[in-house]
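For reference, the structure discussed in these notes is given below.
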Amino acid sequence: MTAMVDLPPVRSRTGLQRQGFIRRLFSEYGQEIIVLSAILVLFVVVTLINPRFISANNLTTIFSGNAYIAVAAIGMAMIIVTGHIDVSVGALIGVLATISGTLAVAGYPIWFAWLAPVVVGMAINAVIGILVAYARIPSIVVTLGALSILRGGLISVTGGTWITDLPPDFLIAQKRLLGFPVPLLVMVALTVLAALWMRYTAFGRSLYAIGGNAEAALATGIPIARRTVAVFAIHGAFAGLATILFATQLQVIQSTVPPNLELTVITAAVIGGVSILGGTGTVIGSTLATILFATIGSALIFVNVSAYWLRAVIGLLILATVLADMLRRRGRG
Amino acid sequence: MALRSLIRHETFLALLLVIVLFVLSQQSDRFFTVGNLLNQGRLMTEVGLIAIAMTFVIATGGIDLSVGSILGLSAILTGVFWQNAGLPLPFAAAGAIAVGTLAGFANGVIITRFRVPPLIATLATLALYRGLAEGISQARSVRGYPEWFYLLGQRDVLGVPTQLWILILAAVVASIILAYTTWGRTVYAVGSNEVASRFSGLAVEKTKLALYTASGFAASVAAVIFVSRVSTTRSDMGSGIELDAITAVVLGGTSIFGGRGTIVGTMIGLCLIQALKNGLSLAGVKGDGTIMLIGAVLILAILASNLFERSGTRT
Amino acid sequence: MRNVVFSALLALSFSTSLSHAQSAWTGADDLPTNPLACDATPATPAAADYDGGQPTNAPDRKGKTIKVVDVPKLVGIGYFNATSKGIADAAAEMGTMDAKTDGPSKANIDDQITLIDNYITSGVDGILFAANDPVAIAPVLKKALAAGINVVGYDANSTPDARQWFVNQAEFNGIAKAMVDSMAAEIGEDGAFAIVTSTFTTPNQARWIAEMQAYQAKCHPDMKWLETVEAQEDNILSFNQSNTLINKYGDELKGIFGMTSVATPAAADAVTQAGKCGSIAVVGLATPNAMKPYVASDCVKSVVLWNPVDLGYAAAYVLRAAADGTLTPGATSVSAGKLGDLSVINGSEILLGAPTIFTKDNINDFDF
């Protein structure tokens, strides 16, 4: 049809010959497979040490308790695939959580309190997208600025007062559907939808083209500026969805910026295989990476790693994952 | 052409700094005094040293997010080498700087030999080095340094805070290297077009390796100054300082995509941020208001500079 | 791929061997401890000479309106909102104090130092502070004293010679006794417990844990200390860490201590959502408002805290007295408005009183 459908695939294939299914899978989803393997190895090893690790409750803690990070990382993966970055997402989630909680306590309908963070998140990030796309300010500059503005603004407005007395119906992250915790279902559903959208729609695939080679993308008729604003707005929507899970997990909302959340989200996206140079990576990888971090965090407590060395071990594992991916790519090329 | 637009950004920024200094001095008569301004120099030295090295790194199109963690690691090691290993303090500090430099070198190796993109590599080492600092310190602080050690961080030499001399020296040397040596031109060339630089025979990998090593060195020197200024070590020292340094660098006109940037710009950016923090506080604005304003200034300064530049190229 | 598996295994075996080499880490500091008596015998305060500092050439501020800045560890959390309110209340009552609160947005030693430095330059008459680090803050506070500014600390101390007075909310060993006794009453003398704290580098928390350990060893020797986990000042992380502890120890875990006003409600929520109310006790330091839902549902029986509004209030009065010259080295008590006379302990500290234990019966009387 048009050039858009023939855009470069998710990852360039190495040879012209037809490859076997397994090989192709590994070549296209190498990093995802590495992260998944690391998760499985951790599960096996830690379960051998302490079988309680795979108890239903602990699986809920690992998967459901960190789902909001995975959801935020989906939007971040899209931003990074497009060749941008957002360091303000943690502050944004703090602000949106406060808005959502305040509305819920003030007696607005529950659906409105859930919808508000999504809409406001889209609006704020659309402004960031406009500054990036039309005013041509690098995304790291805009989002560094936004980080300061959102963090300072939140403290100025709320003074840090906690939001309590949340209506029970508002607390969706504590509910179960078909026996599964809602955050887990939301995380899986959003990951699958976003992955399909990025792989099979013209819009989704155009993100890879913009991140891979913006000039070529422009030449093939992709409206880069409009798409950039749109992808920032979509990222804002995911931040809003992440906020709903984040804000409804406890009976109180701490109206401050969650410490280092932006770093966790960015790390999940890039360790999951999203190239910071843009152009490659999937949201499946970012979700798997979130699960990997959550698994590591829990595993280290289960195997009694001295808490003093915990962060060093996490850093070592992240580095090992990254290096393994690079060696794999090199071995292939 | 590129040079002209660059100078335009810095002129604009310098003008902005003058306006800010003027406005702030109208708000409080204690702002524009020699004593206060020198004192601000003391407070911005650590960020400044890191920002100088970061200017080079960003000018090659790279980034180093692990500087805050290297600072923490070197700070802890200064104390541990001195107290637990029993080394004389100058050797302890030198040892800590050596390890910090090595940490930067490790970043460089991961980036150049294993071809890991800088952002990912330094995100990973950000966690690793901070983790090492926590593990080594076991949450203990080392205190009680000899009085002479505070000369570095809390005393003056010739009426100027000691560490400000170091910052000025570093800025001058770095400006000369970046502006007048072939090596400096290599930095810009790598940042503009890495592939072309490689084909034209420039030592791309060696340059990058040296820059990340230098970044580690700057962060660990900053660590020793920091320890001397606050007279204690903590494993959480310097967390978040990477964002402060990057803010100063990009405000100073260094392109995050590489190929452009000057030390003068970074220094003006640094002074602008520090002047706002200090002056607004003296004028009675609270901390949360100040960080909001700094965020807005960052976006608006780059926006305005972009607009000028574009109107300039069109005519 | 083989590499990652290998390094994961390596890291795990490395870490497990590490953990076997040492006993459960506790998060305590290594300063000497001083556990209280097991019964209700009050500690006999040891007489100590004044060890605080004095402002140089301070002008005569007696009766004059003074400009005061309050620099807490960080702004934007309920606890320091409460202390700030207490300071404002006292200032309004006295009518001769012009007080404002300004602090860093993160509990960061450097930001706090910079802020105080700015206020010294701006020419305040008095500084109230809660230190993020006792030693790191000392140089800038000494600079304030040298500039003739009255300096009084509260909540978290600095080294004594860097300030005039420190208003101590409750002694570390007093908090430790209240916490461990409450826990023992709920889970019995042979119960096992774990701790959720902010970070191991936070001085107050490390001190409390050290004193709790000493007091538990002395007075409740059969209780079992499982482990301490870090959770920053992050309530979702505190929630996840508490859940992981519950999952790891199963029925063995009988109690969780929350060491911060962020960790305690999160731990209570984890216990509530795990359906373990009644079988896992939560005891901790927390502000009453955040704990009301859990106390009301009977999931949490006792919350330990002093009244932070009173703490700020007392700090403001102490600063006023120091500025007026009515509180001088060697004094044994100071008058603090509606709180009456507070006694001087440890040379240069003013004790607010014993910690309050909030229960279902009294928690609704407090609003902070």
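The values are calculated or read from the model by the stated rules, or taken from the named source; none is laboratory data. Computed from a predicted model, the values in this text were never measured in an experiment. All Cβ positions, glycine included, derive from the backbone under ideal geometry; neighbour counts span all protein chains shown.
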request  = Kindly check whether there is at least one residue in the stretch B:165-178 that is away from chain A (no Cβ under 14 Å) and either within 30 Å of residue A:325 (Cβ to Cβ) or of a type outside the set (A, V, I, L, M) (or both).
outcome  = yes
key: Residues that are of a type in the set (Gly, Ala, Ser), assigned to a helix (DSSP H, G or I) and facing another protein chain (nearest Cβ under 10 Å), drawn from the stretch A:21-58   = A:30, A:37, A:38, A:56
ask   = Which residues, counting only those in the stretch C:269-279, are within 9 Å of chain A (Cβ to nearest Cβ) and among the small types (Gly, Ala, Ser)?
value = C:270, C:274
ask   = When you go through A:243, A:164, A:191 one by one, which is the residue that is surrounded by 15 or more Cβ atoms within 10 Å (Cβ to Cβ), more than 14 Å from every other protein chain (Cβ to nearest Cβ), among the hydroxyl-bearing types (Ser, Thr, Tyr) and touching a residue at least 24 places away in the same chain (Cβ under 8 Å)?
value = A:191
Residue count, the stretch C:289-325 (criterion: without any contact (Cβ under 8 Å) to a residue 24 or more places away in the chain and assigned by TED's automatic domain parsing to the domain that holds residue C:93) = 1
message = Please verify whether residue B:235 is in contact with a His (Cβ under 6 Å, 6 or more places away or on another chain), on the phi < 0 side of the Ramachandran plot and within 14 Å of chain A (Cβ to nearest Cβ), treating the condition exactly as stated.
response = no
query = Within the stretch B:279-291, is even one residue at positive phi, outside any helix (DSSP H, G or I), surrounded by 22 or more Cβ atoms within 10 Å (Cβ to Cβ) and more than 10 Å from chain A (Cβ to nearest Cβ)?
reply = no
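Table: residues versus (1) within 26 Å of residue B:130 (Cα to Cα); (2) buried (at least 24 other Cβ atoms within 10 Å of the Cβ); (3) in contact with a strand residue (DSSP E or B) (Cβ under 8 Å, 6 or more places away or on another chain).
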residue: C:162; (1), (2), (3): no, yes, yes
residue: C:166; (1), (2), (3): no, yes, yes
residue: C:171; (1), (2), (3): no, no, yes
residue: C:177; (1), (2), (3): no, yes, no
residue: C:190; (1), (2), (3): no, no, yes
residue: C:197; (1), (2), (3): yes, yes, yes
residue: C:201; (1), (2), (3): yes, no, no
residue: C:210; (1), (2), (3): yes, no, no
request  = Could you tell me which numbered condition residue B:203 fails, if it satisfies all but one of (1) touching a helix residue (DSSP H, G or I) at 6+ places or on another chain (Cβ under 6 Å); (2) surrounded by fewer than 24 Cβ atoms within 10 Å (Cβ to Cβ); (3) within 27 Å of residue A:319 (Cβ to Cβ)?
outcome  = (1)
note = Of (1) free of Cβ contacts under 8 Å to residues at least 40 places away in the same chain; (2) within 14 Å of chain C (Cβ to nearest Cβ), residue A:223 satisfies every one except (2)
request  = Please work out if residue A:156 is within 13 Å of chain B (Cβ to nearest Cβ), closer than 30 Å to residue C:364 by Cα, part of a helix (DSSP H, G or I) and hydroxyl-bearing (Ser, Thr, Tyr).
outcome  = yes
ask   = Which residues, counting only those in the stretch A:281-323, are more than 14 Å from chain B (Cβ to nearest Cβ), in a helix (DSSP H, G or I) and touching a strand residue (DSSP E or B) at 6+ places or on another chain (Cβ under 9 Å)?
value = A:301
The listed residue being surrounded by fewer than 24 Cβ atoms within 10 Å (Cβ to Cβ) and away from every other protein chain (no Cβ under 12 Å), out of C:96, C:114 = C:96
ask   = Does residue B:67 fit the bill of being touching a residue at least 60 places away in the same chain (Cβ under 8 Å) and within 13 Å of another protein chain (Cβ to nearest Cβ)?
value = no
ask   = Which ones in the stretch B:252-277 are within 10 Å of another protein chain (Cβ to nearest Cβ) and either at pLDDT below 90 or in contact with a Pro (Cβ under 8 Å, 6 or more places away or on another chain) (or both)?
value = B:255, B:256, B:257, B:277
query = Got at least one residue in the stretch A:87-105 being facing chain C (nearest Cβ under 10 Å) and surrounded by fewer than 20 Cβ atoms within 10 Å (Cβ to Cβ)?
reply = no
